[in-house]
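Undergrad: Take this structure, written in structure tokens, and hold onto it; I'll ask about it next.
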Amino acid sequence: DMKVTQMPRYLIKRMGENVLLECGQDMSHETMYWYRQDPGLGLQLIYISYDVDSNSEGDIPKGYRVSRKKREHFSLILDSAKTNQTSVYFCASRGQYAEQFFGPGTRLTVL
Amino acid sequence: GQQVQQSPTSLVLQEGENAELQCNFSTSLNSMQWFYQRPGGSLISVFYNPSGTKQSGRLTSTTVIKERRSSLHISSSQITDSGTYLCAMGTNSAGNKLTFGIGTRVLVRP
């Protein structure tokens, strides 16, 4: 069963703390994505990864960085989280026919 | 830049009614996907449909590339169809990126 997983599902952090969001997929997809979703703004692309150590900025990369050391894992890192980074974060991977598969999301609250 | 417009923004249906959701694009596309999302839930792919018509149960998607639009038809709506429907498009110039619409919120009442 094709799957994208995300950990943790819920996270509360204080402003200035570091945050690590993890994503995994078992489909050997080369391309993976990190999005955030905010009310009224829809989904915004943060970073895209084309394969191991081949990452590219999306539309809103400021304040974020990513790491992809294995094809099946893609991490999103917030160094010194800010309150405006409170959001729901989704990871996705791209299938061979360009279809995207989404993970369950991580709800991050930065106090 | 690329824009994706969805209409209507929200819709209230009586159970059993049909509905048509629209998605219009500002540029020509090479990929197009419809998603369903429950409040607080993830995005579930409903259709990947870059051109033509596809049907799955009570749902039908039609994408007309020349007219830069895609539609999602819900027939005989059920309460469990309630949620938000998002469309997303990709273009040759955007590589592997999708641009998402804001979504259509559907509420089906008994």
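The values are calculated or read from the model by the stated rules, or taken from the named source; none is laboratory data. All values derive from a computational prediction rather than experimental measurement. In this analysis, Cβ positions are derived from the backbone assuming ideal geometry, glycine residues included, and neighbour counts consider all displayed protein chains. Accessible surface areas use protein heavy atoms only, side chains included; no ligands, DNA or RNA. Shrake-Rupley method; radii C 1.70, N 1.55, O 1.52, S 1.80 Å.
Undergrad: Could you give me the ³J(HN,Hα) list for region B:8-16, computed from phi with Karplus coefficients 6.51, -1.76, 1.60 and θ = phi - 60°, whole Hz, x at Gly and Pro?
TA: x, 6, 8, 8, 10, 10, 8, 3, x
Undergrad: Could you please state how large a percent of the accessible area of region A:1-72 is carbon and sulfur, counting protein chains only and using a 1.4 Å probe?
TA: Carbon and sulfur together cover 48 percent of it.
Undergrad: Kindly write out, for region A:60-70 in residue order, the coupling ³J(HN,Hα) from the Karplus curve 6.51 cos²θ - 1.76 cosθ + 1.60 (θ = phi - 60°), rounded to whole Hz, with x marking Gly and Pro.
TA: The phi angles translate into 9, x, 5, x, 10, 9, 10, 9, 9, 9, 10 Hz.
Undergrad: Once amide H atoms are built 1.01 Å from N in the peptide plane, which residues 5 or more positions from A:T86, or in another chain, come under 5 Å H to H?
TA: Distant-sequence amide H within range of A:T86: A:V110.
Undergrad: Still on this structure, please answer the following. Take A:T86 and B:S26, extend 7 Å from each Cα along the Cα→Cβ direction, and tell me the distance between the two endpoints in nm.
TA: Between A:T86 and B:S26, the label points sit 3.0 nm apart.
Undergrad: Given +1 on the Cβ of Lys and Arg, -1 on the Cβ of Asp and Glu, and no further charges, what dipole in debye does the protein assembly as shown carry about its Cα centre, rounded to the nearest 20?
TA: Rounded to the nearest 20 debye, it is 300 debye.
Undergrad: How large are Rg and Dmax for chain B when only the alpha carbon atoms are used, in Å?
TA: In order Rg, Dmax, the Cα atoms of chain B give 13.4, 45 Å.
Undergrad: Now for a separate question. What is the set of long-range amide H partners of B:L13 at a cut-off below 5 Å, with H atoms built 1.01 Å from backbone N?
TA: B:L107, B:V108, B:R109
Undergrad: In debye, nearest 20: dipole of chain B around its Cα centre with unit charges on the Cβ of K, R (+) and D, E (-)?
TA: 220 debye
Undergrad: To continue, here is another question. Pairs A:K69/B:K54; A:K62/B:K66; A:K13/B:K97; B:K54/B:K97; A:K3/A:K82: which are spaced more than 26 Å apart, C-alpha to C-alpha?
TA: Exceeds cut-off: A:K69/B:K54; A:K62/B:K66; A:K13/B:K97; A:K3/A:K82.
Undergrad: Can you tell which of A:P39, A:G58, A:L111 lies farthest toward the positive end of the dipole of chain A, using +1 and -1 charges on the Cβ of basic and acidic side chains (Lys, Arg; Asp, Glu)?
TA: The Cα lying farthest towards the positive end belongs to A:L111.
Undergrad: Can you give the FRET efficiency for A:E17 and B:Q55, using 1/(1 + (r/R0)^6), R0 = 41 Å, r = Cβ-Cβ distance, to the nearest 0.05?
TA: With a Förster radius of 41 Å, E is 0.25.
Undergrad: Read phi for every residue in region A:14-28 and hand back ³J(HN,Hα) as whole Hz from Karplus 6.51 cos²θ - 1.76 cosθ + 1.60, θ = phi - 60°, with x for Gly and Pro.
TA: Couplings: 9, 3, x, 7, 8, 10, 10, 10, 10, 9, x, 9, 10, 10, 6 Hz.
Undergrad: Right, something else. Taking H placed 1.01 Å from N in the peptide plane, check which residues at least 5 places from A:M27 or on another chain put their amide H under 5 Å from its amide H.
TA: When sequence neighbours closer than 5 places are left aside, the close amide H contacts are A:K3.
Undergrad: Please calculate the 1.4 Å probe accessible area of B:R68, with all protein chains present, and give it to the nearest 10 Å².
TA: Spelled out: B:R68, probe radius 1.4 Å, area about 100 Å².
Undergrad: Further, regarding this structure: When the dipole is taken about the Cα centre of chain A, and only Lys, Arg (+1) and Asp, Glu (-1) are charged at their Cβ, what size is it in debye, to the nearest 20?
TA: Computed charge dipole of chain A: roughly 380 debye.
Undergrad: Right, here's the next one. Quick one: grab the alpha carbon gyration tensor of the protein assembly as shown, order the square roots of its eigenvalues as a ≥ b ≥ c, and give me rounded if a/c is under 1.5, else prolate or oblate depending on whether a/b is larger than b/c.
TA: prolate
Undergrad: I'd like to know which of B:Q37, B:Q78, B:N18 lies farthest towards the positive end of the charge dipole of chain B, counting +1 on Cβ of Lys and Arg and -1 on Cβ of Asp and Glu.
TA: With unit charges placed on the Cβ atoms, the residue in question is B:Q37.
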